[in-house]
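Read the structure below first, then the notes.
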Amino acid sequence: MIYIKSKREIELMAEAGRIVALAHEKVKEAIKPGVSTLELDKIAEDVILENGATPSFKGYNGFKGSICASINEVVIHGIPNKKHILKNGDIISIDIGACYKGYHGDSARTHAVGEVSEARQRLMDVTKQSLFEGLKYAKPNNHLSDISHAIEAYVLENKCDVVKEFTGHGVGRALHEDPAIPNYGPRGRGPILREGMTLAIEPMVTAGKARIRILADGWTTVTMDKSDSAHFEHTIVITSDGYKILTTTEGGSF
């Protein structure tokens, strides 16, 4: 079932989203060679707790971290670890969720560590833009798959690939609600978008083939060909004439 949110629920989700964005900004400031993903996890958790929220991911189905920290060929669900040290030239995807008064915000960004290659910068640029290509279709009376199709079309046009095993999702009182939101597929399929729907749109894009495997820890998801991957995500609400991003701060850069 897809839940239509009330004005009050959307206000609470906007505050959750603001807290997520604050955590992202603090983590971004700390990303540099020599820093561990566990240190980044602590920074994000502190921001979330200091703002009256709780980390959505910590303890979720047994996940140990407050964030997902996924380096290079890790697509998603990288577990923060003191042994995972950032190196110059890496890229790292940071996924953060916060729950504020029972409502969740969820957002991901991929960052360069120091100076990165042109290929890695291009992958990040393509992935980020694919999110906004999809959001062009986030408006009432469009089909959900109009977003999905736009994301895939842009990614393939730019000679990258989209992961199909994981999707975006509805979000609200639960971290994952209906509907699932693939990053691929034809136009004109799935639910009709309605004002008050809250959705997490999140393309996961690979530089090589988007075949994946999950490591023995049950979480860490990597590309089978060891090609790089990037991940961008926003939580949005469908408005009367389009959409509004909830996982941002006033004047934020993403």
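Put simply, of Ser66, Ser56 the only residue that is small (Gly, Ala, Ser), within 30 Å of Glu195 (Cα to Cα) and under 18 Å from the mean Cα position of the chain (by Cα) is Ser56. When the stretch 80-93 is filtered for residues that are over 12 Å from Val35 (Cβ atoms) and either open to solvent by less than 10 Å² (accessible area, probe 1.4 Å) or within 18 Å of the chain's Cα centre (by Cα) (or both), the ones remaining, listed by number, are Ile91, Ser93.
Of all the numbered requirements in (1) in a loop (DSSP other than H, G, I, E, B); (2) touching a residue at least 12 places away in the same chain (Cβ under 8 Å), Val237 misses one, and that requirement is (1). Considering only residues in the stretch 170-196 that are part of a strand (DSSP E or B) and open to solvent by less than 10 Å² (accessible area, probe 1.4 Å), the one that is nearest to Asp228 (Cα to Cα) turns out to be Ile181.
Matching residues to (1) of a type in the set (Gly, Ala, Ser); (2) in contact with a Leu (Cβ under 8 Å, 6 or more places away or on another chain); (3) under 16 Å from Glu133 (Cβ atoms):
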| position | (1), (2), (3) |
| --- | --- |
| His143 | no, yes, yes |
| Ile151 | no, yes, yes |
| Tyr184 | no, no, yes |
| Val222 | no, yes, no |
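The values are calculated or read from the model by the stated rules, or taken from the named source; none is laboratory data. Just so it is clear, the structure is predicted and the values come from calculations on it, not from any experiment. Using ideal geometry, Cβ is built from the backbone for each residue, glycine included, and neighbour counts are taken over all protein chains shown. Surface accessibility is based on the protein's heavy atoms, side chains included, excluding ligands, DNA and RNA. Shrake-Rupley method; radii C 1.70, N 1.55, O 1.52, S 1.80 Å.
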